[in-house]
Each structure stands twice: as structure tokens, then as C-alpha cells.
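First the structure, in the form of C-alpha cells, and then the observations on it.
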Ligand code: NDP
């Protein structure tokens with residue numbers, strides 16, 4: 001079997017076209033949706049994520065503001081910034097890029113964001129709303145996974161879904177979303193015993209653990225849908241060959257950047273067993289940004305209604 005690729009970049013581009021139209025409509029009515037992204041310190045990965053979010057904002061017509069604070073910023077200083085952003089009428093979404101430096105209490109900062117501007121969906125009010133199936137903001141990566149499954153008309157009701165990872169930003173909210181869509185959900189984590197056997201029971205297997213190519217063929221039921229949320233780096237030619245074979249694009253990527261991206265799923269092994277699978281990159285990553293844009297426009301639409 002050669003798995004069909006679920007093209008996240010394609011679905012993200014379709015969603016972005018819809019979001020841009022909604023944004024244009026709001027802007028014509030005098031409300032341009034605005035997203036403020038706060039970056040503390042100089043973590044290179046965080047910087048890349050924030051810049052890519054800001055670029056997408058601009059491309060879709062949203063107002064974007066990036067506030068960069070020094071690595072030694074205190075919790076009080078960050079709270080003061082969040083308080084200002086909460087009151088600004090031109091800012092509809094606030095995103096504080098994680099991880100924050102160790103001296104800052106991330107939970108206190110998340111709780112300080114106005115839940116109506118919490119487009120990441122991390123505030124306890126929005127977590128509660130999601131659990132209770134009430135209107136709020138759904139975290140972007142889990143929402144992106146659902147959008148992808150829906151685009152390809154992959155059924156969820158009655159399906160056995162296994163989610164590897166229970167983080168509050170991916171595994172846990174994704175498990176709730178799948179449950180709300182009538183899947184039978186099993187959540188696995190670092191203390192799960194016989195992980196491969198549990199994973200093999202899945203019609204839909206979702207990997208969100210942050211471990212390079214951890215999910216091998218023994219984890220995958222033949223024909224299963226495999227969604228790879230993980231983003232990891234491969235930095236040696238031997239590893240590139242082990243995971244991707246002699247793929248010239250991957251070898252060129254390694255040569256140019258010093259690494260190539262890989263998920264939590266072994267790409268070559270999964271391709272031989274799964275029915276459907278997401279690539280890394282070009283799978284869930286672009287959908288995460290698309291959902292952030294959509295949540296920001298949604299926040300602006302709701303602000304107009306209030
Ligand atoms: P966390 O580190 O917060 O959580 C990882 C989860 O995986 C934990 O629940 C942990 O278990 C579990 N886990 C770790 N190792 C194992 C193991 N060997 N066996 C079973 N379970 C294990 O990560 P995130 O949820 O934030 O991210 C997961 C991955 O997704 C990362 O690669 C991250 O880069 C990527 N990511 C991608 C995004 C995208 O846009 N595509 C967005 C967000 C994240 P325990 O709870 O017991 O510690």
C-alpha cells in the first residue's frame with residue numbers, strides 16, 4: 001500500500017482564501033482585524049514562528065503588530081503589556097509566543113489575556129468552553145487537524161482514534177474535539193504501556209509527542225489515517241537516508257540549512273502501511289497558522305457583534 005498524502009498546505013490555502021474574504025468584508029465595514037504577537041527573548045524557532053504568522057496576517061489583509069521584549073522581561077512587565085493590548089480596539093487577537101523565559105510565569109500571563117482575544121485558545125475560560133462544547137476559541141493546531149480530516153471527508157463518528165500526547169496545546173484539546181465528533185478516543189502519554197499495540201488499534205492515529213520518527217510501521221494498522229503533528233529536525237546525512245531514502249530534495253535541504261524537518265512518524269515506513277498520512281513539512285504546520293488567522297477574524301467579527 002502507498003498512503004495517500006493529506007495535503008495540509010493545500011487545505012490551508014483554501015481556508016486562507018475564505019479568511020481573507022471575511023477580513024476584507026470587515027475592513028470594508030471599518031473594522032480591520034488585528035493580531036498582536038508578543039515575542040520575549042531571542043529563541044530562533046519562536047522568532048521564525050512569529051515572523052511567519054505576521055507575514056500571513058499581512059498577506060490576508062489583517063493588521064499585524066509584533067512586540068519584541070528582551071529575554072530578561074519580568075512577569076509584571078509582560079502583564080502590563082497584555083493589559084494594554086486587552087484595551088486596544090484595533091487589536092482583536094493576542095498571541096504570546098511560547099515558550100517564555102523561565103522567570104516568567106506563563107500560566108499567569110495566559111490568564112491575563114482577555115478570553116475574547118485569546119486566539120490561541122489557551123485561557124482556562126476557553127479550555128472550559130471547549131470541554132463543555134460552548135462557543136469560544138479552539139486551539140489552532142487541533143482545529144487544523146479537524147479541518148484537514150473534514151476536507152478529505154474522512155469519517156470520525158464511531159471511529160477509533162488514538163492520540164499520542166496529552167499536552168494542553170495539542171493532545172488534550174484534540175482528544176476533546178474528536179470526542180465531540182463521536183470518535184472513540186484513547187489518549188496516550190509517556191507512561192502508557194504497550195504503546196505500539198494501543199496505536200495499532202487506531203483507525204485514526206495522531207502523533208503529537210515531539211520524538212523523531214517514533215511511530216514506526218508496528219504502530220500503524222494497515223489502511224489507518226496517520227496525522228503527524230510533530231516537528232523535529234534531522235541533521236545528519238545518515239539519518240536523512242534512513243528516514244527519507246535518497247530523496248534529493250531532503251539532501252539538498254540538509255545541505256542548505258543544516259537540517260531537514262521530520263515529524264513523529266517514520267515517513268518511509270508509514271507510507272507503506274497507512275491509508276492516508278500527512279507530510280512534514282506541509283501537513284499540520286500551515287493549518288495551524290491558517291486557524292490562527294481564522295480565529296483572529298472570528299474575534300473581530302464577535303467584537304463587532306458586541
Ligand atoms: P509537549 O512536550 O508539551 O507534550 C508531549 C506529549 O507527548 C506529552 O503528553 C508526553 O507525555 C508525550 N510523550 C513524550 N514522549 C513520549 C513517548 N516516548 N511515548 C509516549 N508519549 C510521549 O509537546 P507538544 O504537544 O507541545 O508538541 C508535540 C509535538 O508537536 C512537538 O514536536 C511540537 O514541535 C509539535 N507541534 C507542532 C505544531 C504544528 O503546528 N505542527 C504546533 C504545536 C506543536 P507526558 O504528558 O507523560 O509527559
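What follows draws every value from the coordinates through simple rules; no lab data is involved. All figures in this text were calculated on a predicted structure; none of them were measured in a lab. Cβ coordinates were reconstructed from backbone atoms using ideal geometry, including for glycine residues, and neighbour counts include every protein chain displayed.
Taking the criterion of being closer than 19 Å to residue 303 by Cα, touching a residue at least 40 places away in the same chain (Cβ under 8 Å) and away from the ligand (no atom under 14 Å from the Cβ), the residues of region 90-122 that qualify are 90, 91, 92, 93, 94, 116, 117, 119.
For region 215-235, the candidate set comprises residues that are within 8 Å of the ligand (Cβ to nearest atom) and under 19 Å from residue 178 (Cβ atoms); within that set, the residue that is surrounded by the fewest Cβ atoms within 10 Å (Cβ to Cβ) is 230.
Each row is one residue, and each column tells you yes or no for (1) touching a strand residue (DSSP E or B) at 6+ places or on another chain (Cβ under 9 Å); (2) over 21 Å from residue 288 (Cα atoms); (3) surrounded by fewer than 20 Cβ atoms within 10 Å (Cβ to Cβ).
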| site | (1), (2), (3) |
| --- | --- |
| 9 | no, no, yes |
| 12 | no, no, no |
| 33 | yes, no, no |
| 43 | no, no, yes |
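Hey, does region 43-55 have a residue that's over 17 Å from the mean Cα position of the chain (by Cα) and part of a strand (DSSP E or B)? No, region 43-55 contains no residue that is over 17 Å from the mean Cα position of the chain (by Cα) and part of a strand (DSSP E or B). Any residue that is in contact with a helix residue (DSSP H, G or I) (Cβ under 7 Å, 6 or more places away or on another chain) and farther than 28 Å from residue 18 by Cβ - is there at least one of those in region 42-56? Among the residues of region 42-56, not one is in contact with a helix residue (DSSP H, G or I) (Cβ under 7 Å, 6 or more places away or on another chain) and farther than 28 Å from residue 18 by Cβ, which makes the answer no. A Cβ distance below 6 Å, combined with a sequence gap of six or more or placement on separate chains, defines the contacts here; from region 172-195, residues that are over 17 Å from residue 211 (Cα atoms) reach residues that are within 8 Å of the ligand (Cβ to nearest atom) and in a loop (DSSP other than H, G, I, E, B) in the pairs 172/166. Scanning region 240-263 for residues that are farther than 12 Å from residue 277 by Cα and within 16 Å of the ligand (Cβ to nearest atom) gives 243, 259, 260, 261, 262.
Is one or more of the residues making up region 243-262 closer than 27 Å to residue 189 by Cβ, in contact with a strand residue (DSSP E or B) (Cβ under 9 Å, 6 or more places away or on another chain) and touching a residue at least 40 places away in the same chain (Cβ under 8 Å)? There is at least one residue in region 243-262 that is closer than 27 Å to residue 189 by Cβ, in contact with a strand residue (DSSP E or B) (Cβ under 9 Å, 6 or more places away or on another chain) and touching a residue at least 40 places away in the same chain (Cβ under 8 Å).
In this structure, residue 239 does not qualify as outside any helix (DSSP H, G or I) and over 30 Å from residue 172 (Cβ atoms).
Of the numbered criteria (1) crowded, with 23+ Cβ neighbours inside 10 Å; (2) touching a strand residue (DSSP E or B) at 6+ places or on another chain (Cβ under 7 Å); (3) closer than 23 Å to residue 154 by Cα, the one residue 279 fails is (1).
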